[in-house]
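Participant: Got a structure for you, questions after.
Read the figures in this text as sums done on the coordinates, not as results from a lab. What you see is a predicted model; the values in this text were computed from it and never measured. Quick reminder, even Gly has a Cβ in these numbers, built from the backbone with ideal geometry, and neighbours come from all protein chains shown.
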Amino acid sequence: MIGVLNLQGGVVEHLDHLERLGIPCIPVKDPADFCRLSGLIIPGGESTCMSRLMRIFGIEEVILREFKRGMKIWGTCAGTILLAKSIVGEPTYLGLIDIEIERNSFGSQLDSFVSEACIPQVAPHLLPLTFIRAPKITRAGEGVNVLLRMEDYIAAAESPDVLVTVFHPELTGCVAFHRYFAKKCGFDPLDQKSIPAIDPAWNSKSWTRQTRITRS
Ligand code: GLN
């Protein structure tokens, strides 16, 4: 089972992508839900807000405990900020991957942009990339494998247990990263629905199919 941290941000978009691939998934917020996860996605959103909610709900120590047990974690954008060992000019949160990150490094929301790149480990063709008030990974430490380097920054990286992307595959038709993360969590790619890495059935309203988010 893969969980998507359901505090704030792009939760339903990730669930929608996982469902496209036929991967069992749930939104998670209750500490009891985390013990059945082989992987957790911390979505994009607003890292300050999410970190405060994590503390209010007592989720930080649960994530650290389950990570020690073997749960893999993927952070997208704000999720990457929460996972970084070092944040320029700010205290760190979970600190589970040895990267340095600079928040809002491209400027304001208006400086958001789309791009594309090939990441051979993830898929053999160009992948769409959506950056929304994104951070830049400015350094990767020992044991961290850089998956995508752009001009003066790193956009995607991984350790054996953590995947980080400063862009948002869940806001495009690209399911290649979800497939890649599911494999990292131990799911057999043969068990997944065989849809193309860029799902032609996706559109910008697809996330509205999701009705599972509980408001409590
Ligand atoms: N700018 C946000 C932050 O610092 C991240 C933006 C995002 O997740 N799209 O938390």
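Participant: Students often get this wrong, so check it: of 29/193; 29/184; 85/184; 136/193, which have C-alpha atoms separated by over 24 Å?
Facilitator: Violating the 24 Å Cα-Cα cut-off are 29/193; 136/193.
Participant: Next question, about the same structure. Going by average Cβ density within 10 Å per residue, which order do the peptides 112-122, 40-50 take, highest to lowest?
Facilitator: Values: 112-122: 13.7, 40-50: 22.9.
In decreasing order of mean packing, 112-122, 40-50 become 40-50, 112-122.
Participant: Which of 177, 67, 106 ends up with the largest GNM mean-square fluctuation for the chain, with Cα atoms connected below 10 Å?
Facilitator: Top of the fluctuation ranking is 106.
Participant: Could you work out how far apart the two model spin labels at residue 195 and residue 161 are, taking each label as a point 7 Å from the Cα in the direction of the beta carbon, and quote it in nm?
Facilitator: 3.1 nm
Participant: Ordered by packing density, taken as the mean number of other Cβ atoms within 10 Å over each peptide's residues, highest first, how do 125-131, 6-12 rank?
Facilitator: Ranked from most to least packed, the peptides come out as 6-12, 125-131.
Participant: Any idea how far apart residue 114 and residue 90 come out in nm if each label point goes 7 Å out from Cα toward Cβ?
Facilitator: Taking the simple label geometry, residue 114 and residue 90 are separated by 2.7 nm.
Participant: Only helical DSSP H runs with n ≥ 4 go in: add -39500 (n - 2.57) per run for the chain, normalise by residue count and round the 222 nm mean residue ellipticity to 500 deg cm²/dmol.
Facilitator: After summing the helix terms and dividing by the residues of the chain, the value is -6000 deg cm²/dmol.
Participant: Roughly how many Å is it from the Cα centre of segment 60-80 to that of segment 120-171, as a whole number?
Facilitator: Computed from Cα coordinates, the inter-centre distance equals 17 Å.
Participant: Hey, another quick one. Collect residues whose amide H, placed 1.01 Å from N in the peptide plane, falls under 5 Å from the amide H of residue 163; neighbours closer than 5 in sequence don't count.
Facilitator: When sequence neighbours closer than 5 places are left aside, the close amide H contacts are 73, 74, 75.
Participant: Shifting gears a bit: Using +1 on the beta carbon of Lys and Arg, -1 on that of Asp and Glu, and nothing else charged, what's the dipole of the chain about the Cα centre, debye to 20?
Facilitator: Roughly 480 debye, rounded to the nearest 20.
Participant: From Cα pairs below 8 angstrom and at least 6 apart in sequence, can you work out the relative contact order of segment 62-161, rounded to a whole percent?
Facilitator: Reported as a whole number, the value is 22 percent.
Participant: Ordered by packing density, taken as the mean number of other Cβ atoms within 10 Å over each peptide's residues, highest first, how do 27-34, 77-84 rank?
Facilitator: Per-residue Cβ counts within 10 Å, averaged per peptide and sorted highest first, yield 77-84, 27-34.
Participant: Tally Lys and Arg at +1 and Asp and Glu at -1 over the other residues with C-beta under 14 Å from the C-beta of residue 45: what net charge comes out?
Facilitator: Within the 14 Å Cβ shell, the charges total +1.
Participant: How much length is gained if the chain between residue 126 and residue 36 is pulled fully straight, taking 0.36 nm per residue apart and subtracting their Cα-Cα distance, in nm to one decimal? If you can, show how the numbers build up before the last one.
Facilitator: On the way: separation 90, 0.36 × 90 = 32.40 nm, distance 3.41 nm.
That pair, residue 126 and residue 36, stretches by 29.0 nm at full extension.
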